Amino acid sequence: MDAALMARVLALRFLWRARDRWSAERIAAHRERAVAAARRHAVERSPFYRRLHAGLEDAPLTALPPVTKAQLMEHWDDAVTRPGLRLADVEAHLADLVEHDGDPGRPWRGRWWAAATAGTTGRRGVFIWDRREWATALASYSRPNDWAGIKAGPLHPPRIAFVSSARPTHASALLGATLGAVTPTLRLDAGAPLAETVAALNGFAPDIVVAYASALRPLAAEQAAGKLRISPSQITSSSEVLSAQTARDVERAWGIRPLDSYAATETAAIASVCTAGRRHLYEDLVIAESVDARNRPVPPGTPGEKLLVTVPFARTLPLIRYEMSDRLVIDRPGCPCGRAFAIVTRVDGRAEDVLEVPRVHGAVSVHPIVFEDALEDLPTTGWQVVQRRDGIDVLLVGLPPGTETDAVRARVEAALAAAGAAGVQVRVVPVAALERTALGKVPLVRGLPRA
């Protein structure tokens, strides 16, 4: 066990509790100081950011050019602030973890923790943290428990089961492996056969289940059927959009509402729900700008096209106005819990989840909510929309025998027509399992590759 690392995590969790009572003005002042320090550090020590921000040292954050994942990866060796760190070496370390099923929780070279994204939205991203940064990330992942009023720590070490990606380069595997040194953990692959997952969970009897949203619905069905027999005190949805129907299924199966935690590999935790059920943005840890397609800020309460994030504690690989394709609705603070942190009223997934349906007079954008409204109340354990050149496939898993698929097709066609995409050919296909990404996620919508 890395005692120094865990001691810092606990200290941060304790110190951060005072921030729950901060005013909006104090949060803003803290953010301003933290961002200024991060910008100075980046310009002083990163050749990439020194070039990118030349002449803009005194400009406001919103005047700085955004940074894409592809841009950051292309200039990775110049973007990092620690001499001697090279992307090729980190990639070799991650490849070694995969080849030998290594322990991602063990620091590389005794001082670095690394993870990679799957590259489902373009080029794969590789991110790295030193001990201080990784402690901050771990503490951020623990904040959802604190804000939801759940006791979890060294005095109450819970048994935690992760149903996500077992691939050792994934952030969830890194998190689970690190926590496994201080609390019993079980890492399960969301893409494994459901019967195997059920058996493993029954044998482990977790107190906390952290899972992809797409894994929770079939697990809830197994619990309702009596095949899964666990009694967790907490269920957390991560990495995917949690639909209202999946939340209801979880609540019916276990009698508890799932915590909807919003996080990313690059940033660690970004937002989570409080005891009043509202999802607050971690404004003291991550500056999240919801912007339109031209990087202009959208008004509070308005959906953005993407997110620009600045992570002040990321010093090894600075992230300053780093572009994420997530579509959020961020609103002003105001909550019965008393926290003055902004509220994330909706996470709509990624820009890539919006289908571009070709029409005679130009493409029509169809948001995933169109399909969610049409499909969520079906008696299935999961669905997925896959765009084809000549139409759309609606994949349904767990559909009861004898269910009339024509009615499902008519429902989807009507929803598309209401969205301005009438005449699209829809095919409903019952399947045994849904298509997953390399990291085991199940996107609700899979569109055609974009130019």
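The values are calculated or read from the model by the stated rules, or taken from the named source; none is laboratory data. Note that this is a predicted model, so its numbers are computed, not measured. Because the Cβ atoms are built from the backbone with ideal geometry, glycine has one as well, and the counts that use them run over all protein chains shown.
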For region 346-368 the number of residues that are closer than 19 Å to Ala264 by Cβ and either of a type in the set (A, V, I, L, M, F, W, C) or at pLDDT 95 or above (or both) is 3
Those residues of region 320-342 which are in a strand (DSSP E or B), at pLDDT below 95 and in contact with a helix residue (DSSP H, G or I) (Cβ under 7 Å, 6 or more places away or on another chain) amount to Arg327
Apart from one, (1) surrounded by fewer than 17 Cβ atoms within 10 Å (Cβ to Cβ); (2) touching a Ser or Thr at 6+ places or on another chain (Cβ under 9 Å); (3) not basic (Lys, Arg) all hold for Pro258; the odd one out is (1)
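The rows are residues; the columns are (1) modelled with pLDDT under 80; (2) aromatic (Phe, Trp, Tyr); (3) over 27 Å from Leu307 (Cα atoms); (4) assigned to a helix (DSSP H, G or I).
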{"position": "Val344", "(1), (2), (3), (4)": "no, no, no, no"}
{"position": "Val370", "(1), (2), (3), (4)": "no, no, no, yes"}
{"position": "Thr403", "(1), (2), (3), (4)": "no, no, yes, no"}
{"position": "Val412", "(1), (2), (3), (4)": "no, no, yes, yes"}
{"position": "Val428", "(1), (2), (3), (4)": "no, no, yes, no"}
The residue that is farthest from Leu319 (Cα to Cα), considering only those in region 272-306 that are in contact with a strand residue (DSSP E or B) (Cβ under 9 Å, 6 or more places away or on another chain), hydrophobic (A, V, I, L, M, F, W, C) and modelled with pLDDT under 95, is Cys274
Counting only residues that are modelled with pLDDT of 90 or more and in a strand (DSSP E or B), region 214-258 contains a total of 4
Within region 425-449, the residues that are out of contact with any Lys or Arg (no Cβ under 9 Å at 6 or more places or on another chain), farther than 17 Å from Ala211 by Cα and of a type in the set (Val, Ile, Thr) are Val429, Val431, Val445
The one condition Ala135 fails out of (1) over 30 Å from His280 (Cβ atoms); (2) crowded, with 16+ Cβ neighbours inside 10 Å is (1)
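Can you name the residue in region 192-214 that is of a type outside the set (A, V, I, L, M) and surrounded by fewer than 22 Cβ atoms within 10 Å (Cβ to Cβ) and, of all such residues, is nearest to Ile256 (Cα to Cα)?
Asp207
Considering only residues of region 151-207 that are of a type in the set (S, T, N, Q) and in a loop (DSSP other than H, G, I, E, B), which is farthest from Trp254 (Cα to Cα)?
First, pick out the residues of region 151-207 that are of a type in the set (S, T, N, Q): 164-165, 169, 172, 178, 183, 185, 197, 202.
Those still in the list that are in a loop (DSSP other than H, G, I, E, B) too: 165, 169, 183.
Values: Ser165: 23, Thr169: 31, Thr183: 23 Å.
Here the residue is Thr169.
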Restricting region 403-418 to residues that are β-branched (Val, Ile, Thr) and more than 11 Å from Asp373 (Cβ to Cβ), the one surrounded by the most Cβ atoms within 10 Å (Cβ to Cβ) turns out to be Val408
Exactly one of Gly105, Gly84 is at pLDDT below 95 and surrounded by 12 or more Cβ atoms within 10 Å (Cβ to Cβ), and that one is Gly105
Exception for Ala173 within (1) more than 21 Å from the chain's Cα centre (by Cα); (2) at pLDDT below 95; (3) buried (at least 20 other Cβ atoms within 10 Å of the Cβ) falls at (1)
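Residues are listed down the side, and each one gets a yes or a no for (1) assigned by TED's automatic domain parsing to the domain that holds Ile287; (2) among the acidic types (Asp, Glu); (3) more than 21 Å from Ala215 (Cα to Cα):
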| residue | (1), (2), (3) |
| --- | --- |
| Glu323 | yes, yes, yes |
| Val347 | yes, no, no |
| Gly362 | no, no, yes |
| Ala374 | no, no, no |
| Arg388 | no, no, yes |
| Val397 | no, no, no |
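It is to be established whether one or more residues within region 295-318 are without any contact (Cβ under 8 Å) to a residue 12 or more places away in the chain and either touching a Gly at 6+ places or on another chain (Cβ under 8 Å) or farther than 30 Å from Ala29 by Cβ (or both). Break it down stepwise before answering.
So the first thing to find is which residues in region 295-318 are without any contact (Cβ under 8 Å) to a residue 12 or more places away in the chain, and the list is 296, 298-299.
When the remaining residues are screened for being either touching a Gly at 6+ places or on another chain (Cβ under 8 Å) or farther than 30 Å from Ala29 by Cβ (or both), the result is 298.
The answer is yes, given that some residue of region 295-318 is without any contact (Cβ under 8 Å) to a residue 12 or more places away in the chain and either touching a Gly at 6+ places or on another chain (Cβ under 8 Å) or farther than 30 Å from Ala29 by Cβ (or both).
Has region 10-32 got at least one residue that is among the hydrophobic types (A, V, I, L, M, F, W, C), in contact with a strand residue (DSSP E or B) (Cβ under 8 Å, 6 or more places away or on another chain), within 30 Å of Cys274 (Cβ to Cβ) and in the same structural domain as Glu283 (by TED's automatic domain parsing)?
First, pick out the residues of region 10-32 that are among the hydrophobic types (A, V, I, L, M, F, W, C): 10-12, 14-16, 18, 22, 24, 27-29.
Within this subset, residues satisfying the condition of being in contact with a strand residue (DSSP E or B) (Cβ under 8 Å, 6 or more places away or on another chain) are 10.
Next, from what is left, pick out any that are within 30 Å of Cys274 (Cβ to Cβ): 10.
After this cut, where a residue has to be in the same structural domain as Glu283 (by TED's automatic domain parsing) as well, the list is 10.
So far as region 10-32 goes, yes, one or more of its residues are among the hydrophobic types (A, V, I, L, M, F, W, C), in contact with a strand residue (DSSP E or B) (Cβ under 8 Å, 6 or more places away or on another chain), within 30 Å of Cys274 (Cβ to Cβ) and in the same structural domain as Glu283 (by TED's automatic domain parsing).
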All-but-one check, Ala314 against (1) at pLDDT 90 or above; (2) under 27 Å from Ala407 (Cα atoms), failing number (2)
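Return the residues of region 1-55 that are among the polar types (S, T, N, Q) and crowded, with 17+ Cβ neighbours inside 10 Å; say none if nothing qualifies. First the steps, then the outcome.
From region 1-55, those among the polar types (S, T, N, Q) are 23, 46; that's our starting set.
Hit for region 1-55 is Ser46, nothing else.
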The number of residues in region 151-167 that are buried (at least 19 other Cβ atoms within 10 Å of the Cβ) and at pLDDT below 90 is 6
Within region 221-230, does at least one residue satisfy the condition of being touching a residue at least 60 places away in the same chain (Cβ under 8 Å) and touching a helix residue (DSSP H, G or I) at 6+ places or on another chain (Cβ under 9 Å)?
yes
